[in-house]
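The values are calculated or read from the model by the stated rules, or taken from the named source; none is laboratory data. None of these values were measured; they are calculated from a predicted model. In this analysis, Cβ positions are derived from the backbone assuming ideal geometry, glycine residues included, and neighbour counts consider all displayed protein chains.
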Amino acid sequence: MKLKSPLKVKTIAELIGGKIIGKTDLLISKISGIEDSEPGDLSFFYLSKYAHFLDSCKATCLIVPENIDTVPQENQVFIAVKNPYYEFYRVLKYVESLQPKKSSFIHKTAIIGENARIHKSAYIGPYCVIGDNCTIAENVVLHSNVVLYDDVSIGSGSELHSSVVCYLGTVIGKNCLVQAGAVIGSDGFGFIENPDSSYEKIPQLGNVVIEDDVEIGANTTIDCALIGSTVIEKGCKIDNLVQIAHNVRIGENTGIAAQAGISGSSKIGKRNRLAGQSGIAGHISTADDVVLYAQSGIGKSIEEKGIYFGTPARERLKAFKIEAIINNLPDLYKEFLELRKKI
């Protein structure tokens with residue numbers, strides 16, 4: 001990531017409260033990872049497994065742990081801090097704050113419906129479509145090709161990237177971030193099967209409610225409720241390519257990784273962590289503080305907090321023991337055959 005204007009090492013050290021080891025007059029023009037850094041770059045080191053990169057690292061400045069026993073190379077400087085990863089994050093936040101903000105603009109190609117209320121500080125990008133009776137609060141940013149059906153509400157400070165679609169009646173709270181291509185409020189998978197095995201569609205008449213400080217990843221889909229609302233509570237972070245079905249409720253500050261799927265009418269507790277490709281069956285619930293490892297599946301409700309793994313998901317240590325036994329089955333079967341011959 002190239003910076004618009006170079007940063008002084010001294011400025012970075014003051015920002016994160018770090019101790020400079022080496023030259024103080026160097027400038028930083030780019031931010032990079034330690035393994036592919038170049039002169040003029042800022043990077044960081046915090047895990048021992050990356051120690052082998054230190055000798056070959058070309059970065060001008062490295063944020064490092066306080067107890068590091070390596071010295072900077074020539075024309076290189078260290079900034080020593082207690083938690084390099086966290087302080088690197090603070091630098092990224094600072095750099096982000098320097099970027100120009102979009103505001104107070106409606107592109108001439110945007111289509112605005114009747115009775116739409118758009119705050120004067122909002123930014124509406126090219127080819128956006130805003131339906132009737134929509135409400136867009138202060139400092140909202142809609143990038144190009146965002147489509148809002150009728151009666152959509154977007155809270156202050158929220159940002160929707162290109163090609164996001166919000167269906168009828170979607171409510172998005174304050175300071176939310178929706179990545180490109182996400183679809184919010186599409187119909188749930190609801191059909192009545194006829195005696196001849198054909199299907200009739202059940203009208204999906206509810207909406208989606210996204211509370212404050214939620215992030216939704218690219219190409220994620222959140223279905224509207226059959227009736228009532230599909231609800232994503234405040235602080236949730238949802239990755240790319242996640243499917244959330246109708247009438248689901250996701251508890252606050254839950255994190256969901258890519259390709260996870262949650263079936264209809266399930267209730268996910270607060271502070272859950274659902275790893276990639278995990279799956280939740282319909283009409284079940286999880287307790288607060290549940291962690292589900294990658295590719296695990298839940299077929300019945302989880303009533304106690306903890307870490308779970310496998311399909312069906314079991315408490316982690318129990319699941320690992322079962323996996324160990326399964327891995328030993330070929331040898332056990334061979335021993336069984338030998339014993340059967342002797343008998």
Answer with yes or no whether S43 is under 20 Å from K10 (Cα atoms), part of a strand (DSSP E or B) and touching a Lys or Arg at 6+ places or on another chain (Cβ under 8 Å). no
Looking only at segment 194-203, decide whether some residue is under 24 Å from V140 (Cα atoms), in contact (Cβ under 8 Å) with a residue 24 or more places away in the chain and more than 14 Å from the chain's Cα centre (by Cα). no
Count, please, the residues in segment 290-309 that happen to be surrounded by 17 or more Cβ atoms within 10 Å (Cβ to Cβ) and either in contact (Cβ under 8 Å) with a residue 40 or more places away in the chain or part of a loop (DSSP other than H, G, I, E, B) (or both). 2
Residue within segment 251-264 that is under 24 Å from G157 (Cβ atoms), under 14 Å from the mean Cα position of the chain (by Cα) and crowded, with 20+ Cβ neighbours inside 10 Å present: yes
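Among the candidates L168, L92, single out the residue that is outside any loop (DSSP other than H, G, I, E, B), in contact with a strand residue (DSSP E or B) (Cβ under 9 Å, 6 or more places away or on another chain) and surrounded by fewer than 19 Cβ atoms within 10 Å (Cβ to Cβ).
Exactly one residue qualifies, and that residue is L92.
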Quick one: would you say V208 is in contact with a Ser or Thr (Cβ under 7 Å, 6 or more places away or on another chain) and in the same structural domain as A258 (by TED's automatic domain parsing)? yes
Among the residues listed as N115, N75, the single one being touching a Cys at 6+ places or on another chain (Cβ under 9 Å), on the phi > 0 side of the Ramachandran plot and polar (S, T, N, Q): N115
So which residues in segment 120-156 are in contact with a Cys (Cβ under 8 Å, 6 or more places away or on another chain) and of a type in the set (G, A, S), if there are any at all? S144, S153, G155
